[in-house]
Amino acid sequence: MIRVPLYLAVAQWALLLALGVLVVLMYRQLGRVLSRDAKRPQLGPAAGSRAVTLPYTRAGDDHEHYFVPGDGRPALLAFVDPTCPSCEELVTVLGTAQDAGELSGLRVLLLVSDPPAYLDISAAFRATKLEIGRPSDRDALAAYRASGTPLLVAIDGAGLVRAAASVIRRAEVQAFARACLLPDPLAVLPGPPLPRASHAPAADGHLHSTEHAGESEAAR
Amino acid sequence: MDLIFLGAKAGLAVLLLVAGGAKVADLPGFTAAVALFAPSRLPRRLLRAAALALATTELALGGASLAAPSAGWLNLAVLALGCGFVAVSGAGYALHRDRSCRCFGALSQRRFDAAAIARAVVIAALAVLAAQPARAASVQLGLTARLLLLGCAAIVSVAAYTAARAIAAARDAQIGWSS
C-alpha cells in the first residue's frame, strides 16, 4: 500500500483551494463585465451643463488652487492616473498637441487621484510640461462624474461643458479643443430663448446636437 | 499537531505564490505602492526593480517552501517575510492610510488600514506555527513528489498572474475615481 506523506496531502488541498478561489474570482469578474453595460454609470458631466469650480493641489505644491470655469478661458480637463496605460497615452497626446500649438488659448489641466509619489512611476507623467493637480474637494469632483479614466472634459469660455468622453487619439483631442472654442449657441441665435442643446464632438471634429434635459450639473 | 503546522506551512506557501504571481501581473501598480515607502527622488527603474525583486522573492520562497518542507531555514525566511508584512502594514497605516497596498495586485483592493495590520499579524502567526518542527515522516518527499509540487506551484502562480491580468484589464476601463 502506498503511504502518502501528510505534508503532500495537506499541500495538495492548499493548492486545490487556491485554484478554486482563483476560479471563483475570475467568474465573479466575468459576471461583472457581462452585466457592466446595464449598470455603467455615466462618464463625465453632461454636455451643456455648467462646470463647477474644482479646488485642487498642484503637484509639488501644498497650496490649494482653484479651477474656475467661465472665466473667459476655455479649458480641457483630463482626469487621468499614472497607473493607467490609456491615461499615459492621453497625457502624451495632450503634450504633443500643446507643443504643436493646437491647444493655444486653452487651459489644460491634468487631474490625478493618486498621491504625488505615484507620478514618478510613469514616464509620460514625469515628462509632461502640463499642469498636474489633485482634486481636493470630493463634492466638486463628484459633479464631474469621473467614474473612469481617462476622461477628457472640454469646457468653453462661458463655463459650459461642451464634451466629455474617454479619448486617447490626437484627432479626438483636436475635436475637443475645437469644441471648447465654439461660441455658445444661445448667445448667437436670434429670437426668443430656446431650450438648451448639448453638443458632443465626433472624432472628425464636427458637432452633433443632442437634447439635454438638465441645466446645471452643479445644481444636482 | 503536525496537521496544523503543515497546514500553516502549505497555506502560507500557496499564499506567497498567489501574491507573487498577482504582483508580477500588476507591476506598475505594485511599483506605485513601493514608491510610497521610498525616497521621492529614487529613479523609477530602481523602484520597478525593487517591486520585481519583492514579487519574485515571494514566488521563489513560496515555491521552495512548498516543494521542500523539510528545509528549516525556509520556515525562518517565511517568518521574516511575515514580520516584514506586519512592519509594512503598520507603516502604511501610519503614513498612507486607506491607500491601496496592492498586496495581491489587481486580485484584491486591500488598503492600508487596521484590517490590513490584523491580516499581516495572522500571516506572521501562521509563519510561527509553520516554523514548528514536524515529524520527519510527515515531510519526507521523494524527488517525484517535489517536482510535482513545483509544477503545481508554477500552475498556481500562472493562474494568479492570469487572473490578476484579466481583472486589471477589466478595471482599467472602469477605474472608480468617484470611489
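The values are calculated or read from the model by the stated rules, or taken from the named source; none is laboratory data. Treat the numbers as computed from the prediction; the structure is a model and nothing was measured. Cβ coordinates were reconstructed from backbone atoms using ideal geometry, including for glycine residues, and neighbour counts include every protein chain displayed.
Annotations
- If you check B:Ala33, B:Ala87 for being touching a strand residue (DSSP E or B) at 6+ places or on another chain (Cβ under 8 Å) and either of a type in the set (A, V, I, L, M, F, W, C) or modelled with pLDDT of 90 or more (or both), only one passes: B:Ala33.
- Selection within the stretch A:19-50 - among the hydrophobic types (A, V, I, L, M, F, W, C), modelled with pLDDT under 80 and closer than 30 Å to B:Val156 by Cβ: A:Leu30, A:Val33, A:Leu34
- Among the residues of the stretch A:1-14, just one is farther than 13 Å from B:Ala145 by Cβ and at the interface with chain B (Cβ under 7 Å from one of its Cβ atoms), namely A:Ala14.
- Any helices (runs of 4 or more DSSP H) falling wholly within the stretch A:1-99 and containing at least 3 residues that are of a type in the set (Asp, Glu): A:85-99
- The residues of the stretch B:25-55 that are surrounded by fewer than 16 Cβ atoms within 10 Å (Cβ to Cβ) and either acidic (Asp, Glu) or more than 9 Å from chain A (Cβ to nearest Cβ) (or both), listed by number, are B:Phe37, B:Pro39, B:Arg45, B:Leu46, B:Ala49, B:Ala53.
- Residue check, B:Ala120 within 16 Å of B:Lys23 (Cβ to Cβ) and in contact with a helix residue (DSSP H, G or I) (Cβ under 6 Å, 6 or more places away or on another chain): yes
- Index of the failed condition, A:Glu64 passing every other in (1) at pLDDT below 90; (2) acidic (Asp, Glu); (3) farther than 22 Å from A:Ser136 by Cα: (3)
- Only residues that are more than 10 Å from chain B (Cβ to nearest Cβ) and within 19 Å of A:His65 (Cβ to Cβ) were counted across the stretch A:99-124, and they come to 5.
- One residue stands out among those in the stretch A:135-144 that are buried (at least 19 other Cβ atoms within 10 Å of the Cβ) and not hydroxyl-bearing (Ser, Thr, Tyr): the one that is farthest from the other protein chains (Cβ to nearest Cβ), which is A:Ala143.
- Hey, B:Ala22 crowded, with 24+ Cβ neighbours inside 10 Å and either in contact with a helix residue (DSSP H, G or I) (Cβ under 6 Å, 6 or more places away or on another chain) or in contact (Cβ under 8 Å) with a residue 40 or more places away in the chain (or both) or not: yes
- Being more than 10 Å from every other protein chain (Cβ to nearest Cβ) and acidic (Asp, Glu) is a condition met by at least one residue of the stretch A:82-92.
- Residue within the stretch A:67-76 that is surrounded by 19 or more Cβ atoms within 10 Å (Cβ to Cβ) and farther than 22 Å from A:Ala154 by Cβ present: no
- Total residues in the stretch B:57-78 satisfying the condition of being more than 16 Å from B:Gln140 (Cα to Cα) and under 15 Å from the mean Cα position of the chain (by Cα): the figure is 9.
- When the test is whether a residue is modelled with pLDDT under 85, within 20 Å of A:Ala75 (Cβ to Cβ) and not in a loop (DSSP other than H, G, I, E, B), A:Ala163 does not pass it.
- Sole exception among (1) touching a residue at least 60 places away in the same chain (Cβ under 8 Å); (2) in contact with an Asp or Glu (Cβ under 7 Å, 6 or more places away or on another chain) for B:Ala127, by number: (2)
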